[in-house]
Amino acid sequence: MCVLYACTASLPTIGTENTRVTATFLFSQNCNVFIFTKQLQIEKSSDLVMHMLVLYANTGCKMDLSSFGYTVDVIRRMLPVAEYTPCIEEHNIHAIFRWPSVLDIYRDSNSAPLHAGIVAQDPVVPLATPDEGNSIDFLKQTGLTLSITTLGTCIYRFGKKRCREGTHDTDHYTFPEAGYTSETEQMIFKVCKHVHKIVSSS
Amino acid sequence: MINKHIEHIPTSVHLLHESKSLCIVSSAEIVNIHILKQGLNRDDEHCEVEQYEYTCWRADKVCIWEKKCQNSDSFGCTSLFEEQCSSLPLDDGGPKLVQISGTPRMRRINKKKKHARICCEKNCTTRIVVTNFVVNVVANATHATFISDRTITRYIEKNAFSMPRAVNICYTGTVNGKIQQTAISAEMNQAKKKGPCGSEIHIDTSMGVMQIFGNNSGQRKITCKAFLNIGEADFIVDRVCAMVSSLPGK
């Protein structure tokens, strides 16, 4: 059996402006092999930010999606105001609900202090850690579109919305960058589960 | 209709005679599949579906059966039958109808008015939907194979309740540095290729797709598509950033 050992030695003086040459030594009991490798100097200059997040779920039952049906009624009563697009007969079998800000739903789904109305009038929720604060900013800038079929298939699409906040002519204005972390992602998953539990109960 | 009953239909049926019939019976439904060898060529092959609803009212030892057509061309046309039903149990539904249909035991009658006393809701014992699916095939056909998409019958399982799960998450970010497409292609064991949406480098991974766009004052936009969580997307970006290119022979 031939066992290979490897070690790498950085030789920064040999590197050019954008590359650094390293020497990798591979050797075994019977032979010595030298291979030079070049480190590509690619660096991440900004963290990744989600711009579209799609989740799939099923309610497990057929849904009454008519304009005055049970599902619409439950969603209106138990979730923040949503824009509703009904099924179009002979065209499709899904209805669409749109929430402009996931933060509104998150507040609904979150723990007692948020429910108690303490922060209800404050658009920026005071939270314990800066990370949570960033996540809250991100949720505020994120919209949710739920496509639901009469057979119970739900597609939840979270997306960064373009801001029309403030003035009338800021269609192309975008929100300032809000940090996105795995914690933010978990908060979005939590919001989605909350909505799905309500939709499934209808 | 075939999909709904596909588990009860044999995959292949030999057509030894001029016709072959299959019958699927349950308490509320009867499905008849008739395969007729009539056509001279393949253009003559076609299917027809007929559907009827049978309603049975029972009073004492008399049963009144109403056969109502559900087909669009003769929707609502009804026929009435009278049955002396002393010897049969009350609630046989489909099996009973199969047994008596077309026999002298089920006698055609004309007016419902005459039996209005019997034909009321409290006497209604059975409602059965009968579907006749007639398949006309060429005369020299030797067998018929039902190759319906059997996955549709498993749709009920797919329709089971499930909590939301991520199926597609896309991220945006930036990188800078001199990027060598050939080195990346070689390192990732991929053919050198440009990606869609104007991307310069397209990297397929088992976790998702990473695209690197053109240089913009030293910075390049990257997108990570079809990932399931940010941890995996970060891993792939870090992997590309940590990449080295081999320079054999130097």
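All of the numbers you see were taken from the coordinates with simple rules; none came from a lab. Bear in mind that the values here come from a model prediction, so they are computed numbers and not experimental data. Note: ideal-geometry Cβ built from the backbone for every residue, glycine included; neighbour counts use all protein chains shown.
Key figures
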read-out: Candidates B:179, B:100, B:109, ranked by Gaussian network fluctuation over chain B, Cα under 10 Å, top entry; value: B:179
read-out: Cα coordinate range in the stretch B:16-125, projected on the principal axes (Å, largest first); value: 53, 30, 23
read-out: Using a Förster distance of 41 Å, the FRET efficiency for residue B:79-residue B:18 (Cβ separation, nearest 0.05); value: 0.90
read-out: Efficiency of FRET between residue B:235 and residue B:182 - r from beta-carbon atoms, R0 25 angstrom, step 0.05; value: 0.60
read-out: Approximate spin-label separation residue B:28-residue B:8, in nm, with each point projected 7 Å along Cα-to-Cβ; value: 1.3 nm
read-out: Under Karplus coefficients 6.51, -1.76 and 1.60, residue-wise ³J(HN,Hα) of the stretch A:67-78 in Hz, glycine/proline x; value: 4, 10, x, 5, 4, 4, 5, 5, 5, 5, 7, 10
read-out: Amide H contacts of residue B:195 (H built 1.01 Å from N, under 5 Å, at least 5 apart or other chain); value: B:200, B:201, B:202
read-out: Check: chain B dipole with +1 on Lys, Arg Cβ and -1 on Asp, Glu Cβ, in debye; value: 420 debye
read-out: Computed helical MRE - 222 nm, chain B, DSSP H runs ≥ 4 contributing -39500 (n - 2.57), nearest 500; value: -3500 deg cm²/dmol
read-out: The stretch B:169-241: mean projected area of Cα convex hull, nm²; value: 4.3 nm²
read-out: Within chain B, percent of DSSP bridges classed antiparallel, to nearest 5; value: 85 percent
read-out: Gained length - residue B:116 relative to residue B:98, 0.36 nm times residue gap less alpha-carbon distance; value: 4.0 nm
read-out: Percentage, to the nearest whole number, of Cα pairs in chain B over 27 Å apart; value: 63 percent
read-out: Distance from the stretch B:1-78 to the stretch B:123-144 (C-alpha centre basis), Å; value: 3 Å
read-out: Estimated distance in nm for a label pair at residue A:46 and residue B:159, the labels positioned 7 Å out from Cα along Cα-to-Cβ; value: 4.6 nm
